[in-house]
Amino acid sequence: MLRLSLACWDYDRTRALADGRVQPEGIDLVYLNQPVEETFFRMMRFGEFDASEMSLSSYVASLGRAEPPFIAIPAFPSRFFRHSCIFVSAKSGIRKPEDLKGKRVGVPEYQMTAPVWIRGILSDEHGVKVTDVQHLSGGEEEPGRDEKQKIDLPSSIRLAPIASDKTLSGMLAEGELDALVTARAPSTFKSKPDAVKRLFPDYVAKEKEYYRRTRIFPIMHTVVIRRDVYAKNPWVAQSLYKAFAAAKKIASDMYAQTAALSSMLPWSTAQADETRAEMGEDWWPYGLGPNRHVLETFLRYHHEQGLSKRLYKPEELFARETLESFKV
């Protein structure tokens with residue numbers, strides 16, 4: 001058995017990997033349950049783990065290095081519609097997406113996956129281009145946050161850090177920022193509700209309408225393996241992929257369980273039925289085929305926003321062993 005470490009958050013769709021109900025073939029797995037920010041930082045900066053959950057954007061950006069440090073498998077532990085994640089200052093006068101043009105927009109890290117999706121959607125759907133705003137980066141709740149990896153943007157994209165003693169959350173409430181695009185809701189959204197608002201208060205309806213038109217359920221994170229581990233043991237990619245798929249099926253099956261509730265949400269079975277009716281039986285697909293159009297859209301956004309020097313194809317992201325399967 002090959003002993004491997006895997007850093008990943010505590011998702012329902014990965015819990016069977018964490019508790020041992022699913023064992024990857026040939027692998028003695030050490031599952032490290034960590035917040036995503038910690039996992040991404042430690043893996044991107046230091047390569048501490050054999051495999052880990054990883055920001056899709058950070059991973060794609062890393063492919064541009066002379067020696068790319070990771071290879072991914074097409075398992076996606078995090079997906080999220082992000083219309084809910086555009087916050088505006090009440091002092092900004094912003095009422096609709098088009099009002100963002102010419103404004104100061106904060107972002108924890110420019111290369112984060114959530115803002116890549118948000119900027120792409122604002123561009124495609126509302127004509128707000130990445131070059132139309134001033135981007136300001138820094139810590140959302142703690143001063144001094146930097147990009148996890150160096151980025152080299154075209155001069156047409158305006159990006160600057162905020163002051164080292166400031167936070168994006170505080171600046172938004174004070175009107176020093178007009179808007180904030182982020183993955184985590186800023187603390188001032190709750191603590192100062194008169195000062196910080198959502199751009200789309202009716203975000204659920206917006207997201208459903210967006211999905212019906214585009215069939216895109218945005219992918220946030222993938223799973224990466226260190227290249228040195230993969231080079232020595234290429235079979236690990238398929239073994240881990242199959243294990244992630246098996247763990248996801250266990251979670252999916254629980255939502256059809258009516259004898260007892262697996263979660264504390266009282267109408268979770270009804271919500272699961274509604275989701276199936278809206279998005280199909282497998283509303284959280286793994287694999288390249290059912291996600292090709294989602295990945296192509298994301299890769300276009302990534303390139304348009306100056307984060308990748310060329311436009312990648314989805315096939316270039318993943319270990320070749322995971323792109324096809326045997327048939328009997």
* To do: Using Cα centres only, tell me the gap between the range 232-304 and the range 151-209 in whole Å.
  => 28 Å
* Asked: So, with a 1.4 angstrom probe, what is the percent of accessible area on the range 80-130 that is carbon and sulfur?
  -> 52 percent
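Over the chain, average the accessible area per residue using a 1.4 Å probe and give it in Å², no decimals. Before the final figure, lay out each step's value.
Numbers: 15470 Å² over 328 residues.
About 47 Å² of surface per residue is accessible.
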* **the chain: angle of helix 113-126 to the longest principal axis, Cα-based, in degrees nearest 10** => 60 degrees
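When the convex hull of the Cα atoms of the range 279-328 is projected onto a plane and the area is averaged over all directions, what value comes out in nm²? List each step's numbers first, then the result.
On the way: hull surface 18.9 nm².
Dividing the Cα hull surface by four gives the mean projection, 4.7 nm².
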* Asked: Which angle from 0 to 90°, rounded to the nearest 10, does the C-alpha axis of helix 235-254 make with the longest principal axis of the chain?
  -> 70 degrees
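Which value results when the Cα radius of gyration for the range 85-236 is divided by 2.2 N^0.38 Å?
Numbers: Rg = 17.0 Å, N = 152, 2.2 N^0.38 = 14.8 Å.
Working it through for the range 85-236, the quotient is 1.15.
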* Normalised by the residues of the range 1-117, what does the relative contact order come to in percent, with Cα pairs under 8 Å and at least six apart? -> 24 percent
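Given the Cα atoms of the chain, and with Rh set as the inverse mean 1/r over their pairs in the Kirkwood sense, what is Rg to Rh to two decimals?
Numbers: Rg = 20.1 Å, Rh = 20.8 Å.
Rounded to two decimals, Rg over Rh is 0.96.
Any chance you could list the semi-axes, whole Å, largest first, of the equivalent ellipsoid that the Cα gyration tensor gives for the range 163-253, using √(5λ)? Intermediate results must be reported in sequence, preceding the final value.
Working: eigenvalues 291, 96, 28 Å².
The equivalent ellipsoid of the range 163-253 has semi-axes of 38, 22, 12 Å.
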* Structure fact -> The base-10 log of I(q)/I(0) that the Debye equation returns for the range 1-56 at q = 0.13, 0.17, 0.24 Å⁻¹, one scatterer per C-alpha, is -0.30, -0.51, -0.94
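Within 10 Å, at most 16 other Cβ atoms, and a DSSP state outside H, G, I, E, B define an exposed site. Report the longest part of the chain free of exposed trypsin sites (Lys or Arg not before Pro).
On the way: sites that count: Arg21, Arg65, Lys91, Arg95, Lys101, Lys129, Lys150, Arg184, Arg215, Lys309, Arg310, Lys327.
Between the exposed loop sites, the longest stretch runs 216-308.
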* Just going by the charge dipole of the range 166-242, with Lys and Arg at +1 and Asp and Glu at -1 on Cβ, which of Tyr241, Gly175, Phe189 is farthest out on the positive end? -> Tyr241
* Residue-count net charge about Phe200 - beta-carbon cut-off 9 Å; Lys, Arg +1, Asp, Glu -1 -> 0
* Structure fact -> Bridge orientation stat for the chain from DSSP, antiparallel percent rounded to 5, came to 45 percent
* Hydrodynamic radius by Kirkwood, which averages 1/r over all alpha carbon pairs of the range 5-147, in angstrom -> 17.4 Å
* the range 200-240 - Rg (one decimal) and Dmax (whole number), Cα, Å -> 18.1, 50
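Could you tell me what a quarter of the Cα convex hull surface of the range 236-328 works out to, in nm² with one decimal place? Before the final figure, lay out the partial values.
On the way: hull surface 35.9 nm².
In nm², the orientation-averaged hull projection of the range 236-328 is 9.0.
The values are calculated or read from the model by the stated rules, or taken from the named source; none is laboratory data. All values derive from a computational prediction rather than experimental measurement. So basically every Cβ, Gly included, is an ideal-geometry build from the backbone, and we count neighbours across all protein chains shown. The accessibility values were calculated without ligands, DNA or RNA, using every heavy atom of the protein model including side chains. Shrake-Rupley method; radii C 1.70, N 1.55, O 1.52, S 1.80 Å.
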